[in-house]
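What follows is one structure encoded as structure tokens, with my remarks underneath.
The values are calculated or read from the model by the stated rules, or taken from the named source; none is laboratory data. Not measured: the values here are computed from a predicted model. Here the Cβ positions follow ideal geometry from the backbone for every residue, glycine too, while neighbour counts run over all protein chains shown. Accessible surface areas use protein heavy atoms only, side chains included; no ligands, DNA or RNA. Shrake-Rupley method; radii C 1.70, N 1.55, O 1.52, S 1.80 Å.
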Amino acid sequence: MISLGIEGTAHTLGVGIVSEEGVLSNVTDSYCSDGGIHPREAADHHANVIGSVMEKSFLESGIKKGDIDVISFSMGPGLGPCLRIVASAARSLSINLNVPVIGVNHCVAHVEIGRFTTGAKDPVTLYVSGGNTQILAYAEGKYRVFGETLDVGIGNMQDTFGRELGIGFPCGKQIDELASKGKNYLQLPYTIKGMDFSFSGLLTESIRKLKTNPQEDVVFSLMETAYSLVVEASERAMSHTEKNELLLTGGVASSRRLKEMCNTMCEERGASLFVPQPSLCRDNGAMIAYQGLLEHKNGKRMNIEDTIVKQKWRTDEVDVNWI
Ligand code: FE2
């Protein structure tokens with residue numbers, strides 16, 4: 001079975017093609033701006049590039065349009081205008097090729113492509129990206145949210161702080177480099193409530209500290225604090241669920257320091273850390289294609305009229321019948 005998936009929840013438009021054996025192609029094109037994501041502009045970007053991205057994806061895979069068995073797309077959660085562009089494209093492709101269409105949950109797709117490509121079996125997942133920061137684990141038919149941000153995603157916080165420093169969006173890589181040069185840890189708010197965490201106070205105080213402290217030290221302290229919050233909550237989720245695997249994914253999973261901290265925590269617990277390759281950690285079409293394949297194989301069918309996008313579709317609203 002061959003599945004084509006279209007991703008477009010935020011700034012990245014991606015088209016991936018996968019078979020049951022592996023990823024055949026995974027092409028992305030991201031919208032960039034100096035002022036964060038403007039949803040309408042990002043949607044226009046997606047509409048402008050989707051044709052060429054799809055063409056490249058077919059070329060890379062060596063697959064012909066007639067070989068596709070199912071079309072899937074990111075139905076949520078995400079930015080409404082962006083979601084509607086990919087939903088329209090998926091519906092028309094499905095009608096055109098006369099194959100089924102499946103709308104999948106973006107966060108669940110991150111977990112499943114991770115399990116598929118790293119060999120993790122039953123992990124606690126730390127999903128860290130611009131818009132999302134969640135700790136997920138499978139329990140009784142659903143991916144339960146064991147902890148999550150109460151305000152912004154960790155990547156979003158990095159980007160907002162990066163703008164204060166004059167760094168263009170997205171700025172995770174440069175923030176990580178700056179942080180590695182910091183030496184002195186400055187006291188910052190460490191906000192964890194139960195298993196949930198908050199970044200807004202941390203962000204505000206870090207911006208204030210920029211007035212009187214070296215930039216590198218502030219960035220270092222900000223990222224040490226933010227990463228510690230999510231690693232602490234992940235460890236508690238692993239302890240509670242008695243799972244011994246951690247899957248680190250999402251765009252922020254490319255952070256060297258975050259990987260290091262996750263690794264230390266896993267080593268101390270005798271657990272294993274799994275991190276998918278970067279192109280499968282950040283938002284991409286292959287994960288959507290794989291999720292569609294998985295759900296189709298397990299009996300999921302959707303009528304076109306049921307493919308309305310869900311901007312606030314929560315991870316724990318998805319019935320998981322494939323585990
Ligand atoms: Fe994502």
Q) Any idea which residue in the range 278-294 is nearest to the ligand (Cβ to nearest atom), counting only those that are in contact (Cβ under 8 Å) with a residue 60 or more places away in the chain and open to solvent by 10 Å² or more (accessible area, probe 1.4 Å)? A) D283
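Looking at the structure I just gave you, is I207 surrounded by 17 or more Cβ atoms within 10 Å (Cβ to Cβ) and aliphatic (A, V, I, L, M)? It would help to see each step written out before you state the result.
On the way: surrounded by 17 or more Cβ atoms within 10 Å (Cβ to Cβ): no; aliphatic (A, V, I, L, M): yes.
No.
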**Q.** Qualifying positions in the range 239-295 - in a helix (DSSP H, G or I) and either small (G, A, S) or on the phi > 0 side of the Ramachandran plot (or both)
**A.** S239, G251, A253, S254, S279, G285, A286, A289, G292
Q) Hey, any hits in the range 84-107 for a residue that's closer than 19 Å to S129 by Cβ and more than 15 Å from the chain's Cα centre (by Cα)? A) yes
Q: Please find, among S61, S57, S74, the residue that is more than 26 Å from L273 (Cα to Cα) and in contact with a His (Cβ under 6 Å, 6 or more places away or on another chain).
A: S74
Q: Considering every residue within the range 131-139, establish whether at least one is touching a strand residue (DSSP E or B) at 6+ places or on another chain (Cβ under 7 Å) and either in a helix (DSSP H, G or I) or assigned by TED's automatic domain parsing to the domain that holds G66 (or both).
A: no
Q) Out of (1) in contact (Cβ under 8 Å) with a residue 40 or more places away in the chain; (2) in the same structural domain as Y227 (by TED's automatic domain parsing), what's the single condition that is false for A89? A) (2)
Q. Are any of the residues in the range 22-45 within 19 Å of V101 (Cα to Cα), without any contact (Cβ under 8 Å) to a residue 60 or more places away in the chain, open to solvent by less than 50 Å² (accessible area, probe 1.4 Å) and in contact with a strand residue (DSSP E or B) (Cβ under 9 Å, 6 or more places away or on another chain)?
A. no
Q) Within the range 146-175, how many residues are buried (at least 18 other Cβ atoms within 10 Å of the Cβ), in contact (Cβ under 8 Å) with a residue 24 or more places away in the chain and either assigned by TED's automatic domain parsing to the domain that holds G78 or of a type in the set (A, V, I, L, M, F, W, C) (or both)? A) 7
Q. Which of (1) within 16 Å of the ligand (Cβ to nearest atom); (2) open to solvent by 70 Å² or more (accessible area, probe 1.4 Å); (3) farther than 20 Å from S72 by Cβ does V275 not meet, given it meets every other one?
A. (2)
**Q.** Residue among P77, P100, P81 that alone is within 13 Å of the ligand (Cβ to nearest atom) and not polar (S, T, N, Q)
**A.** P77
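Among the residues of the range 183-197, what is the count of those that are open to solvent by 50 Å² or more (accessible area, probe 1.4 Å) and assigned to a loop (DSSP other than H, G, I, E, B)?
6
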Q.
Could you check the range 210-238 and list, in sequence order, the residues that are in contact (Cβ under 8 Å) with a residue 12 or more places away in the chain, open to solvent by 10 Å² or more (accessible area, probe 1.4 Å) and not aliphatic (A, V, I, L, M)?
A. N213, P214, Q215, E216, D217, F220, E224, S228, E232, E235, R236
Q) Do the conditions hold for K243, that is, is it open to solvent by 80 Å² or more (accessible area, probe 1.4 Å) and touching a residue at least 24 places away in the same chain (Cβ under 8 Å)? A) no
**Q.** Test result for L13, within 17 Å of S129 (Cα to Cα) and buried (at least 24 other Cβ atoms within 10 Å of the Cβ)
**A.** yes
